[in-house]
1. To the nearest 20 debye, what charge dipole does the range 54-95 have about its Cα centre, counting +1 at the Cβ of each Lys and Arg and -1 at the Cβ of each Asp and Glu?
2. Given all pairs of different Cα atoms, what value in angstroms does the Kirkwood hydrodynamic radius of the range 141-194 take?
3. When the Cα centres of the range 361-394 and the range 217-232 are compared, how far apart do they sit, in Å?
4. Near the amide H of ALA437, under 5 Å away, which other amide H atoms are found, from residues 5 or more places off or on another chain, if H is placed in the peptide plane?
5. Let me know the volume per residue of the alpha-carbon convex hull for the range 101-153, in Å³.
6. Between ASP81 and ASN14, what is 0.36 nm times their sequence separation minus the Cα-Cα distance? Round to one decimal in nm.
7. In Å and on Cα atoms, what radius of gyration and Dmax does the range 221-342 show?
8. Under 5 Å between amide hydrogens, which residues at least 5 positions from VAL133 or on another chain qualify, with H placed 1.01 Å from N in the peptide plane?
Amino acid sequence: MTDVKHMKWWGWGNEGTAFHWQDKPAFAPFVLKAVGLDLLTATPAKAPSFDQMTIAKPVATAAILKTLAGIVGADDVRTDDMERVVHVYGKSLRDLARIRANQVLRYPDIVVYPDNEAEVQRIVDAAVAADAVIIPFGGGSNIAGSLEPVPTEKRTIISLDLGRLNKVLDIDTDAGTARIQAGALGPDLEAQLQAKGWTIGHFPDSFTHSTIGGWVATRSSGMQSDRFGDISQIARGLRVARPGGTLVIRSLPSTSSGPSVREMILGSEGRLGVITEVTAQIRPNAEVREIQAYFFPNFETGLKAMQEISESEARPSITRVSDGRESGFSLATSKERHGMDKFLAGTVLPGLMKSKGWAKQPGGLENIALSFIGFEGTKASTKFSKAIVDKIVKKHNGMGVGSGPGVLYDQKKFDTPYLRDFLLDYGAVGDVSETAAPWSKLRAVYDGAMKAADAAYASIGIEGWIMAHMSHSYHSGACLYFTFAFVEKNNMLGEYDVVKSAIQQSFIDNGATLSHHHGVGVEHSPWMEQDISAQGVQVMAGLFSATDPKSNLNPGKILGAKPQDSGVVKATKAAAATRASTTKAAPKKPAAKKPAAQRA
Ligand SMILES: Cc1cc2nc3c(=O)[nH]c(=O)nc-3n(C[C@H](O)[C@H](O)[C@H](O)COP(=O)(O)OP(=O)(O)OC[C@H]3O[C@@H](n4cnc5c(N)ncnc54)[C@H](O)[C@@H]3O)c2cc1C
């Protein structure tokens, strides 16, 4: 019987863990101002009940169940409702809203838990022989609709859960690489590496509930990517169970053996086979690891400083700067302060900012930009990098405030994911769209997304919120990460589609990509042709159809998904009858929204 643990069926993370605002004095006023939701008077919905779920019987013949049981044992072939619900979706806003509203169009029929690569291979072969569909399942944390079955699928759908393939198999200390089984969750593989003094250096915000196979399959990026690289650089070798045999990419520092098959597997979201093993670059634990916080007068100057740092000899592990709105949000999610911290936050800091003339800029102190820069390495290398960074920060009229806020940031980044479920309890949407663009276009991409979101909100008569930060610097550009939020008016996903689509389209229109690190799935598929050109789509479609002629491997992802059906969830308010009306209870927003130009 499997011992693989999963996140709660209706939301992010572990049962019993949730976001709380009562210990964050500035949070409720912030939410009221941002989206008009009054947490002091609104009543949250109760957690959804599993009894409300209506789940059609699985499409599974006795023959296929017997074949699978012959491979992994009967106990690890599951068709019970909870297993099927847990494996149907990832954790996108759309996924969470549909699960809460009991509006799932198609569940997987069978969940299977292999124990080793040979079993994975036999399952793949058996499934293809029976013309069944295979959907590999890592941690189930994706937010691009990369797991959901095609709603009209008539064949048997097998969710292949890799959770039992969770070991670090071998470390090559000379090469600085480790062979890691694909189903290992972040904390599990990191603990095994740490026991030997190594780290993978890949820490996405979803680290606790995502796997190395999933990271590769979605082209993930971790917070310290400036030092360690994205997973596309970290993953050197791969083993992939494909119909008829195992595809092997040996771990090499580089190669010129034609178009890169390694790169084809990266981001393939299960469409080219099941990744069973990854040989990953690892690093010895660093002597120093710290995150320093800085303030800039505004986002514009913060961006310029980040670009200059990326062009300098400094080698930070993190470069991140938030716009004024997100900086305000970060301060609002801080817990009550004490002692010196309170003293600094309450009086000295604003005083210093005023003395630098920041209060007189358009938007005043509301436009200050909070930045985190990480340093990791030897004492000498981090000292060298920090000295360069300090100089650049100073040149751009910024100021350092030490490592205290960085410690807090590091601690709370794995808690923030619980915020989306918290907002949904109040009938509010909170979600993200992220992208990457050249330095030369970053500002236009930022302005474009802000304008697009404002126009989208206006078109549906909603006072919504959007904020952003820049992170993950590269030689030629960086990632921009937008968070948006609003209170549902009539139809949560219909309204969500208007806002999300407008932001995504603005990325493409301003020269950015559809996603920097969340992948494509079905959510971003409609923008593929605009992103990689019609010829690019043709090459990719040819690859999928030639290597999987009957579409047995996670069909419908990356290419060909239609724009989302916005009518799927009709007002989750109906489903959450226990919740009091939030919008009506909320007083009017105290301040009118600023024009986009003033935000940064
Ligand atoms: C709150 C939150 C924060 C997040 N933060 C980040 C972040 O900081 N950085 C980031 O990059 N992403 C982030 N994500 C997105 C998500 O965590 C990543 O996409 C992650 O890489 C998915 O890994 P997983 O193991 O959960 O894969 P799953 O969600 O289980 O699967 C994702 C896709 O990969 C395929 N797949 C999974 N395992 C395999 C395998 N072994 N072989 C072949 N295909 C496979 C699946 O079929 C599916 O198509 C976040 C998501 C949430 C909800």
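1. 180
2. Working: mean 1/r = 0.0728 Å⁻¹.
Hydrodynamic radius (Kirkwood, Cα only) of the range 141-194 equals 13.7 Å.
3. 21
4. ALA478, LEU480
5. Details: hull volume 5.5 nm³, N = 53.
So the per-residue Cα hull volume is 103 Å³.
6. On the way: separation 67, 0.36 × 67 = 24.12 nm, distance 1.91 nm.
Result: 22.2 nm gained on full extension.
7. Just the Cα atoms of the range 221-342 yield Rg and Dmax of 20.4, 65 Å.
8. Those qualifying (amide H under 5 Å, at least 5 residues apart or on another chain) are THR156, ILE157, ILE158.
The values are calculated or read from the model by the stated rules, or taken from the named source; none is laboratory data. The shown structure was predicted, so the numbers you read here are calculated from the model rather than taken from an experiment. Here Cβ is always computed from backbone atoms with ideal geometry, including for glycine, and neighbour counts include all displayed protein chains. Side chains are part of the model used for accessible areas, which takes the heavy atoms of the whole protein and leaves out ligands, DNA and RNA. Shrake-Rupley method; radii C 1.70, N 1.55, O 1.52, S 1.80 Å.
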